[in-house]
Structures are given as C-alpha cells and as structure tokens.
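Here's the structure, in structure tokens; my notes come after.
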Amino acid sequence: MDFDAVLLAPRRAQMVAQGYWPDRTINDALDTCVAACPEKTALVAHRMDGGATTRLTYRDLARLADRVGVGLARLGVQRSDVVSVQLPNWWQFTVLALACARIGAVMNPLMHIFRERELSFMLAHGESRVVVAPKQFRGFDFENMLTGLQSKLPALRQVVAVGGTGENSFDALLARPPCSSTPRARPASRKASCIRQTRCFPTSCATPSACSCRAPTWC
C-alpha cells in the first residue's frame, strides 16, 4: 500500500531541527538496550482473565520480534504491507509492533470493541494482509468473526488467533516457527510504520464529505 503522510516532510524537518526527532528507529533503541542490559526486565504483562504473568527481558523481546518477523514474512507480508492487530493490552501486541518494524510492515492497531461493521471498512480501507486477534476475549469469539469477514476482504490472506489451538494460532504461525533466519534488512527511520483509524468511517457519517475521518492517520 502506498502512504501519503500529510505534512510529514515539513514536520520532520522541524522536529529534527529542534532535537525531538533523532534519526533512529525503535529497533535501534531495542538494540541499544539489548547490548547494555540484555537480562533486564523490559515488559511485565499480567492477564486479568486468567491471572498469568509474563515477564520478558530485552533479549527476550528482541528474540521474539525476530521470530515473529520471520513468521510474518513467511505468511507473505512484505515491506509497506499492513498487519492489523486487534488485541487487548497483551504482550503479543508489543512483540507484533517490534516485528512489523523489523520487516518494514505497517501495523494497524484496532480497538477490541470493534465488530463486523467497523472492521469490514477498516480492514478493506487499509488493505490488511494479516489480522491478529484473540481467539476469544471477554466471552466473544474474535476468530470466528474475522474468519467470517475474510471472504469479503480480498487483500486479507490470514487470520491469526492468539490463544487459538489450530493451524492459524499465533504460536503455530508466528511465535514458534523454525527460525533459522533473521528478518530482512530493516527499513529506514523515514518510512511509515503505523496506521491509526478512528471509529468513524464514511458510510456512517451524517456528512461524509466533511468528515475528518475519511482518511487514516499515518505515523
């Protein structure tokens, strides 16, 4: 997908001049932490639904980001392809963000309250290649919903279920693939890495021609 970041060039120049925007990516920052303190705790995730707590060091984060990046590439995700992620605040969300950055994919975070009506527009508008969501969360079957939408979304190649047990589970496809390689060369810091969409979309706006939500936000 081609990205036209409105006013990005002048904003970048201003931020660089003011020292707010260093020419570094999140991968550069992670590499620095891995080199300086690989065994330091980087992320603690506590699941309220089951009580499980996951602790990841900076080395763990880098390893998982590489592994998931390779997994996404094996699903056919290429540079500038959109990977949609409809997850609660789980550790997989952070790893997916890092993995997408590693291979130059564009992450599209989606709120877990969205259902068929919102998602059918958002996934089509972003031309999502892969969508990652819980198998179930708060009693709702996200995998079944997204699988049902897939036939209406020609760009969507794969639905990945976190917590699933089938061949399309996060563990089977992304977290535990045989990893004998590392992700492709990382993109430069001046490429789009994230697309954010609001809940409003043209077909639901009372005045769609004046709606500021007609286009997504690139970052």
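Just one of the numbered conditions (1) among the hydrophobic types (A, V, I, L, M, F, W, C); (2) surrounded by fewer than 21 Cβ atoms within 10 Å (Cβ to Cβ); (3) under 15 Å from PHE140 (Cβ atoms) is not true of LEU110; which one?
(2)
Can you spot a residue in the stretch 140-147 that is touching a strand residue (DSSP E or B) at 6+ places or on another chain (Cβ under 7 Å) and not in a helix (DSSP H, G or I)?
Within the stretch 140-147, not a single residue is touching a strand residue (DSSP E or B) at 6+ places or on another chain (Cβ under 7 Å) and not in a helix (DSSP H, G or I).
Rundown of residues vs (1) over 20 Å from GLY163 (Cα atoms); (2) surrounded by 13 or more Cβ atoms within 10 Å (Cβ to Cβ); (3) out of contact with any strand residue (DSSP E or B) (no Cβ under 7 Å at 6 or more places or on another chain); (4) touching a residue at least 40 places away in the same chain (Cβ under 8 Å), yes/no style:
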position: PRO38; (1), (2), (3), (4): yes, yes, no, no
position: GLY50; (1), (2), (3), (4): no, no, yes, no
position: TYR58; (1), (2), (3), (4): yes, yes, no, no
position: GLY71; (1), (2), (3), (4): no, yes, yes, yes
position: SER80; (1), (2), (3), (4): yes, yes, no, yes
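Collect the residues in the stretch 156-168 that are of a type outside the set (A, V, I, L, M) and either modelled with pLDDT under 95 or assigned to a loop (DSSP other than H, G, I, E, B) (or both), keeping them in residue-number order.
Listed by number, the residues that qualify are ARG157, GLY163, GLY164, THR165, GLY166, GLU167, ASN168.
What are the residues in the stretch 32-79 that are closer than 19 Å to GLY104 by Cα and over 19 Å from the mean Cα position of the chain (by Cα), if any?
none
Having 1 or more residues that are farther than 30 Å from ALA124 by Cβ and not aromatic (Phe, Trp, Tyr) is the bar; report the strands (runs of 3 or more DSSP E) wholly within the stretch 36-94 that clear it.
41-46, 53-57
Exactly one of these conditions fails for THR25: (1) under 30 Å from SER169 (Cα atoms); (2) surrounded by fewer than 14 Cβ atoms within 10 Å (Cβ to Cβ). Give me its number.
(2)
So LEU153 passes all but one of these: (1) part of a helix (DSSP H, G or I); (2) more than 17 Å from the chain's Cα centre (by Cα); (3) of a type in the set (A, V, I, L, M, F, W, C). Which condition number does it fail?
(1)
Within the set of pairs 6+ apart or on separate chains, which have a first residue in the stretch 147-175 that is surrounded by 15 or more Cβ atoms within 10 Å (Cβ to Cβ), a second that is among the charged types (D, E, K, R) and part of a loop (DSSP other than H, G, I, E, B), and C-beta atoms under 8 Å apart?
ALA161/LYS135; VAL162/LYS135; GLY163/LYS135; GLY164/LYS135; SER169/LYS135; LEU173/GLU167
The values are calculated or read from the model by the stated rules, or taken from the named source; none is laboratory data. The structure presented is a predicted model; accordingly, all values stated were derived computationally and were not measured. When we count neighbours, we look across all protein chains shown, and the Cβ atoms used for this are built from the backbone with ideal geometry, even at glycine.
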